[in-house]
Each structure stands twice: as structure tokens, then as C-alpha cells.
Amino acid sequence: MKKIILFILSLTFIGTSFAQLEAEWFTEYGDNNTDLARNIAIDKHGNTYVIGYVTRNFGDLTKPKLLSMTFLLKFDVKGNLKWSKEIYGENSNDGNAIAVDSNGNVYIAGVFINTIRLDGVHMIKDSKDLNTYIVKYDNDGKYIWHKILRPHQSESSDDHHHHNHEKGEKHVHFHPIANHITDMKIDKENNFYITGYFSKSIDFDPSEKEYLMTADTALDAFIAKYNEQGDFIWGKTLKGDGVNKSNSLTIDSENNVYFTGVFNKKAHLGKLSVQDYGGNGIVIGKLNKDGKELWLKQITNTKNNSGNCIYADKNNSLFLVGSIGSRTEFVELDKVLEVNENAANLFIAKLNNKGEYQWVKSVKTKNYSTGECILTDSYNNLYVSGYFAGSIESAEKEMVSSSGKEDGFIMMLDEDAHIIYTYPLGGTDHDRAAKMVIHKDNSLVIIGNHNGPFYINPTIFADFVEFRGTTDAFIIKFSHTLEKPNIKIQEVTSQSIALSWNVQAYAIGYEIILIQGKQNMPYYIGNNSVTLTSLSPATSYTLRARAYNDSKHSQQSEVKITTPPVSNEAKGIKNNEFTASWTKNKLRNLKLYVSTHSDFNENLPEYNGIIVGKNTLKIQNLKSNTTYYYRLQTDDGNYSNTVSVTTK
């Protein structure tokens, strides 16, 4: 595990500077064979959870027995591994989806053949087809419950066992059967939703009841909703004449459900339908929290396209990422996207919650590119992850090249889809960035997979990551670099200091430390200015400032300030003299100014910044019945209050 800084050329776009990304930590996971990170989630404390599968050899050199098994990892905000699980059975299984509820409970879903040990103790025996498992753990990884979704079952003599129920002892196997979970999300009420695709028939109700959904053709997409106890609520299918897949879902603030994926030929969701124009089309749909179909949209052309991720932001705007394969027309926007023909081109779109396009974008690519995940931060900037071969567009239409056969990338865009930067991730072979999550401090954790030596910073071949086998998983946390605050002193009085500093978009606050002698007084400020009060006159202070977020601080900036003394009322006032006085102090180079003008634009020559050592001075050779003003100035240029005196 390492901490590194990734330097990107200083890019300035629309008034905001993004000079550096910082990789706070990274790690890899795998064995000597194929190992993949599938999905990722975070909790409200900033912990990160990753699910996927690792392939291990349970045989020996002469008779290897390779089995894949689900892995589940928990990292804290600093990247320390808190706990891990590997879920195994007598045959292979795969971890596909993960979500965390408001109480910190962890839900995972995946598939297995015949046997699996979900609680770490008891071996579950079930269908020899591809079964779906759903497991709930608490925040410490302690098993709570599990559910099994089975292929359609009828007469057979095989037994199956389940901790929560037994739904008959006889079933039939369909061979082969496809059953894949692609995503899982949790709503505000801690209900969870799964999506994916399947063939044949599957019972989506894990209870004694049955809710059988049957695919019309080779593959159909599904969405199913369950409560926090794992009880089935409703299920829907995207059915049709060809292959239909749901790759991603998202939940808005009103618990509406959106999904995206692919279809070909003609597909329908309830009474809503879409139709392609020769290639695979992108499908986007919306259901309410009760499963009612609200709208269904398509993006089609004559080539192959894919909707890979959909995301609802805090304003219930929708963001879609995937790829398109040829020239695509958007009639609603009166816009045509021209693309690199006969190859996947990264495609990004924004829609409102009615399904109306706000903008669409195809990213310039040489060879091919696709997006796997899209998110927004608290400033409405967009982040896209995916992979590309050849080169891909970055800021101001510059092109970024891959280091190997295929590289992952992170792309940052503003809310109007202008690219701020594209950062490649990869080495000399095939490397792909997959899913991301974003923390409340706008730091990102990204997962992906690499097929060879992997460089965190391939542009300068820095921070080399070894790999163990055919494919390994990687996990990287990135954050925006925090700069030292540039302190500006706005005003200094004898008892206060007003200061401000530059706003840093990705800081959540600023620590200001006031130091006087051996005393330190910290202040934690949410904006970029503060007035420190109740200070002592004629006293030297040191101010230190640093920006911070949930995981780190910037370097400190420092200024030294001396508060001026308090100018007291004059004494011994006569027609040609008076005695100026001020608080006692130990300041050196304290200057006194006397003038007949309140703005001190012209001072008496004898008292134009005269150095004073005591706390009184007799001002002489004055005119009678004349108003004079005096004040003092510290060595660092701060003035005391002004006192007016009228001679007799």
C-alpha cells in the first residue's frame, strides 16, 4: 500500500484549476489465476467494500482443481483492510453486486453452482444449475441471513437445503442456464433492488411462495425489489425477440428506479416497447417504487451500442454512460453524434427524470473506448471510468494515449460536459477501470482489473504494481490535492484579526490555529474567512492555516501578525501641546503619527512615523484651538485606533 501524487499538466477550465490528483492508497487482490473485482460500495463512515471473485487451486500440480469463489473486502478511509471473506463451495461461485444500507449492513449478491458456504459454517446444497444468492452481513462482517433464487424447479430426486426455508425437494435442471446479477442498490427505506439478466425461468421469491419469471428468448433482463429482511416485493422483466440485458440501476430521492442496458430487435417492459434499427440498442427505463412502468427509451443506430451505467444525482438528474457504434441522431435535441465508425465510442448523456435529454456527448477516440461508470460530485462535476485502446480525448481536445494494448481511465467533466482532464490507468497489457464510488469529501475509489504489470502513473512509468496471475483486481483511492491556503489579512485592530483565504473546491473545511507564546487556539471554519476576536493589544501572534477533508490535510501556510496597541485619550492638553498615550507594550519599532487630517494624508514632519519606546509622548509646538489626530503603527504595518485632540 502506497501514497503517491499523480501530476497532471496544470489544466484550467472555466475558472477552476485542477492541477493534481492524489492517489491516497492502492492495493491489489488476486492469486495465480483469473481474479476480478466486480463491484464496490461505501458506507456513511467512509469505509469501502469491494466484491468480486478469486480463482484458487484446490488440487495439486498433477491434478489441479481451479474454483472461483466470491471475495468480499472492507477497507477503512485510510485503506487499511478491516476484514475480508472468501465464500467457497464444492463448485465455483461469483460475487457480482454489493450495497450498504443506512445502518451499515452489507448486502451482496452473486451466483453459484450446487453448493456454497455463505455463513462460513454450513454448506448449502442446491440446484446444479446457476443459482442466485443474496446475503446480508452486519458492518463487522457477521452473517445475518441469506436467500436463494433458483431456476425453475419441478420433479427430480435431488435434495436442496436452505437455512431459511425448503421449497420442495424435487426439481429439474436446465442446461445450460444463464443467470447474472449486474447491480444492486438500496433506497431510503432500506429496500434493496437487484438487476441483471437470465435465461429459461427463475423463481425470484425466496419464500415458500413462488414468483416465476420466464425469458421469452435467449436472455431477458430483470429488476426485482426486496425489503431489508430479504422478502420479495415485486419483479419486472424486459422481454422481447432478442437478447436483453440490464447492466445498471439507480434510485432517485423519491425511490423511483431507473435502469439501463442493451436490447436487440424488439423489447417491451409491460406495455412500453422499444425497437432497434439493425444493431444492439441502448435501453433506458423508469419504474416507480411500486414497480409501475413509467417510461422506456432507446438509443439505436445500425451498429452495436451499450448502456453500462446510470446514475441519479441529488437533483434527480440522470447521467448515462456506455458506448455507441456509429453515427447516432437525437431528434429531441436536433443533434447528430459523429463517431469513429465500426468501433465502440465512449458515450455520455444527461436526462431529466422524465427521460428528456439535456445533452449528449460522444468522446473522440482512436481505436475504441467505453464507459463503465458515471458519478457526480458535490460541485456537479462528472466522473467517468472505463477503458480505451489507442487514444482518447482529454481537455481542450488534446488526446491521451494508452500505454499498452488497453488502458483504464478516469475522466472528469464539468456539468456542461466539457472535459477537464482524462487520466489513463494502465501498463503494457490489457487494463480496465470499472466501477467507482464517491465519498462526501469528493474523493473517489475505483476498482478494475489488470492483465499484466500495472502503473498507477503510466505517463512516467511510476509506482509499478506487480500482478500474480492471469488477471488481478486493483482498488485505488484518488482525491483532489489540497493546496496550502493563501492567507490574506483583511483588517487588524488592537483586539481582532480578520482574515480570508482562497476557496478550495475539494476541501470540506479549514483549520486556523492562533498561536501566542505557548498557547495554541484552533478554529475550524466551513467557509473561507473568519474574524478572530478577544485578542490582546500590542501582541505578536502566529497564524497557521490548512485545508482538510475527511481523509487528509493540506500543508500549512503561516503568517505573523502583531496587533496594535490601544490609543488612549490624550492628557495634558494645552494651547500648544498635549501628551499622547497608549497601552503599555514591549513592541519594538512602534511608530507614532500625528496629523491635522483624519485620514493622515499629511502628517506633522516631526511626528511622521517617529519611533516611540514608552507608552506616552509629549507632542509639542502645536497651534492653538486646532484639532489633531494621532495613531500608532506596528512594525508589520497595522494601525491602532485614531484619537482626536483639540488644543486650547
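Evaluate the relative contact order of the range 567-646 (contact order divided by residue number), counting alpha-carbon pairs under 8 angstrom at least 6 apart; express in whole percent.
Relative contact order comes out at 36 percent.
What pairs from K405/K440; K405/K552; K303/K335 go past 27 Å between their alpha carbons?
Distance filter (> 27 Å) returns K405/K440; K405/K552.
So what's the gap between the Cα centers of the range 539-591 and the range 239-258, to the nearest angstrom?
64 Å
Which of H597, H268 comes first, and how do the rest follow, when ranked by fewest Cβ neighbours within 10 Å?
H597, H268
Suppose every K and R has +1 on its Cβ and every D and E has -1 on its Cβ; what is the size of the dipole of the range 488-562 about the Cα centre, in Debye to the nearest 20? Don't skip to the answer; put the middle values down first.
Details: 6 positive and 4 negative charges, 34 e Å.
Charge dipole of the range 488-562: 160 debye, to the nearest 20.
About its Cα centre, what dipole magnitude does the chain give when the only charges are +1 on Lys and Arg Cβ and -1 on Asp and Glu Cβ, stated in debye to the nearest 20?
Values: 69 positive and 74 negative charges, 471 e Å.
Using Cβ point charges on Lys, Arg, Asp and Glu, the chain gives about 2260 debye.
Express in nm, to one decimal, how much length is gained between M521 and D76 on full extension, taking 0.36 nm for each residue of separation and deducting their alpha carbon distance.
157.2 nm
With an 8 Å Cα cut-off and a minimum separation of 6 or more residues, compute the relative contact order for the range 488-562 in percent.
31 percent
Between rounded, prolate and oblate, where does the range 34-144 land on the alpha carbon gyration tensor, with a ≥ b ≥ c its root eigenvalues, rounded for a/c under 1.5, else prolate if a/b exceeds b/c? Could you put the intermediate results ahead of the total?
Working: a/c = 2.27, a/b = 1.59, b/c = 1.43.
Note, shape of the range 34-144 comes out prolate.
Binning at 5 angstrom from zero up to the longest distance, how are the C-alpha pair distances of the range 488-562 distributed in percent?
Here the calculated profile for the range 488-562 is 3, 15, 29, 26, 14, 8, 3, 0.
Treat each spin label as a single point 7 Å out from the Cα along the C-beta direction, and report the E86 to K354 distance in nm.
That separation, rounded to one decimal, is 5.4 nm.
Spelling out what I want: for every residue of the range 583-596, take phi, set θ = phi - 60°, compute 6.51 cos²θ - 1.76 cosθ + 1.60 (Karplus), and round to whole Hz; glycine and proline get x.
With coefficients 6.51, -1.76 and 1.60, one gets 5, 5, 7, 10, 6, 9, 6, 6, 10, 10, 10, 10, 8, 9 Hz.
Have a look at S199, N568, I42 and report the one farthest towards the positive end of the charge dipole of the chain, computed about the Cα centre with Cβ charges (Lys/Arg +1, Asp/Glu -1).
Projecting each Cα onto the dipole axis, the largest value belongs to N568.
So what's the Cα pair-distance distribution over the range 344-474, bin width 10 Å, in %?
Histogram of Cα-Cα distances, whole percents per bin: 13, 43, 33, 9, 1.
Mind scanning K82/K185; K185/K286; K239/K265; K271/K350; K147/K209 and naming the pairs with a C-alpha gap bigger than 20 Å?
Pairs exceeding the cut-off: K82/K185; K271/K350.
Rounded if a/c is under 1.5, else prolate if a/b beats b/c, else oblate: with a ≥ b ≥ c from the C-alpha gyration tensor eigenvalues square-rooted, which is the range 213-353?
Oblate, because a/c is 1.5 or more while a/b does not exceed b/c.
Using a 10 Å cut-off around each Cβ, can you sort I148, I310, I611 from fewest to most neighbouring Cβ atoms? Let's see the in-between values first.
Details: I148 23, I310 26, I611 9.
Final ranking by Cβ density, sparse to dense: I611, I148, I310.
In units of 2.2 N^0.38 Å, what is the alpha-carbon radius of gyration of the chain?
Details: Rg = 33.2 Å, N = 648, 2.2 N^0.38 = 25.8 Å.
It is 1.29.
What is the packing order of peptides 289-298, 375-384, taking the mean over residues of other C-beta atoms within 10 Å and listing the highest first?
375-384, 289-298
Averaged over all directions, how much area does the convex hull of the C-alpha atoms of the range 567-646 cover when projected, in nm²? Before the final figure, lay out each step's value.
Working: hull surface 18.6 nm².
The Cα convex hull of the range 567-646, projected and averaged over all directions, gives 4.6 nm².
Could you work out the relative contact order of the chain, using alpha carbon pairs under 8 angstrom and six or more residues apart, expressed as a whole percent?
8 percent
As a footprinting exposure proxy, order K225, K484 by other Cβ within 10 Å, with the fewest listed first. Let's see the in-between values first.
Details: K225 22, K484 16.
Result, fewest neighbours first: K484, K225.
Every number here is computed from the coordinates shown, using simple stated rules; none is lab data. Predicted, not measured: the structure shown is a model, and the values here were computed from it. Cβ atoms come from the backbone with ideal geometry, glycine included; neighbour counts cover every protein chain shown.
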